[in-house]
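Peer 1: Following this message is one structure expressed as structure tokens.
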Amino acid sequence: MTPPLPPTAFWILTVLSRGRRHGYAILAEARELSSGDAVLKVPTLYSALERLAADGLVAVDGEEVSDGRLRRFFRLTEAGGKALATELARLQVMVEQGSAALRERPEGVVA
């Protein structure tokens, strides 16, 4: 069984599933997609990207000048897409099981 993705990795892979991004764009988009829950710091982001790259889930996709700054771009790999799909399926099972348990709870049990 594949271990769950840490939240930081989940949000990075989710952002990159929408296309290649540079670090700052990953930070901003993760915050937006998570409704503010994923507030990544720059060192956390880049150490996570290094781990994900070492695991073959993301790849460096060149450097370009963007907004007047040289930025390194990253992209999701095929393995990264599979890892994200696996995590989404795992989370969906958890939500379905938790929801079913709440619906089926005995009368008088407070949720």
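Peer 1: Quickly run through region 1-26 and pick out the residues that are basic (K, R) and either in contact with a Ser or Thr (Cβ under 6 Å, 6 or more places away or on another chain) or surrounded by 13 or more Cβ atoms within 10 Å (Cβ to Cβ) (or both).
Peer 2: R20, R21
Peer 1: Separate question: Kindly list, by first and then second residue, each pair from a residue in region 90-110 that is more than 21 Å from P6 (Cα to Cα) to a residue that is exposed (fewer than 10 other Cβ atoms within 10 Å of the Cβ), limited to pairs with Cβ atoms under 6 Å and residues at least 6 apart or on different chains.
Peer 2: L102/A111
Peer 1: Something else now. Out of everything in region 1-17 that is among the hydroxyl-bearing types (S, T, Y) and under 18 Å from V60 (Cα atoms), what residue ends up being nearest to the chain's Cα centre (by Cα)?
Peer 2: Only one residue tops the list, namely T14.
Yes/no matrix, rows are residues, columns are (1) over 15 Å from the mean Cα position of the chain (by Cα); (2) at pLDDT below 95:
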site	(1), (2)
R51	no, no
L57	no, no
V60	yes, no
E64	yes, yes
F74	no, no
E78	no, no
G98	yes, yes
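Peer 1: For region 54-70, which positions are small (G, A, S), assigned to a strand (DSSP E or B) and over 25 Å from P4 (Cβ atoms)?
Peer 2: G62, S66, listed by residue number.
Peer 1: Being in a helix (DSSP H, G or I) and surrounded by 12 or more Cβ atoms within 10 Å (Cβ to Cβ) is true for just one of E29, E96. Which residue is that?
Peer 2: E29
The values are calculated or read from the model by the stated rules, or taken from the named source; none is laboratory data. None of these values were measured; they are calculated from a predicted model. Glycine also receives a Cβ, built like all others from the backbone with ideal geometry; neighbour counts cover every protein chain displayed.
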